[in-house]
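Peer 1: Please see the structure below; I have some questions.
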Amino acid sequence: MKLNFNHKDGVFAIKAENEEEKTQLNTSAVAICNLIIDFFNGEVQEVKTNYSKENK
């Protein structure tokens, strides 16, 4: 599954990459929540990395 976030509009777009993932998306709020959490964890890590590089 892929999760895209449009920062301007504040909209998430979730795309299933196969039939199994389509079923997960239709039946599991947990799978969707985990995608969102992982997305923002990645964003935070990227910000921390960029911040560290700028301060050196």
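The values are calculated or read from the model by the stated rules, or taken from the named source; none is laboratory data. All values derive from a computational prediction rather than experimental measurement. All Cβ positions, even for glycine, are placed from backbone atoms using ideal geometry, and neighbour counts span all protein chains on display.
Peer 1: Can you list residue pairs whose Cβ atoms sit under 6 Å apart, with the first residue in the range 16-39 being outside any loop (DSSP other than H, G, I, E, B) and the second being among the small types (Gly, Ala, Ser) and at pLDDT below 80? Count only pairs 6 or more apart in sequence or on different chains.
Peer 2: 24/31
Peer 1: Does at least one position in the range 36-50 carry a residue that is more than 14 Å from the chain's Cα centre (by Cα), modelled with pLDDT of 75 or more and not polar (S, T, N, Q)?
Peer 2: No, there is no match, as no residue in the range 36-50 is more than 14 Å from the chain's Cα centre (by Cα), modelled with pLDDT of 75 or more and not polar (S, T, N, Q).
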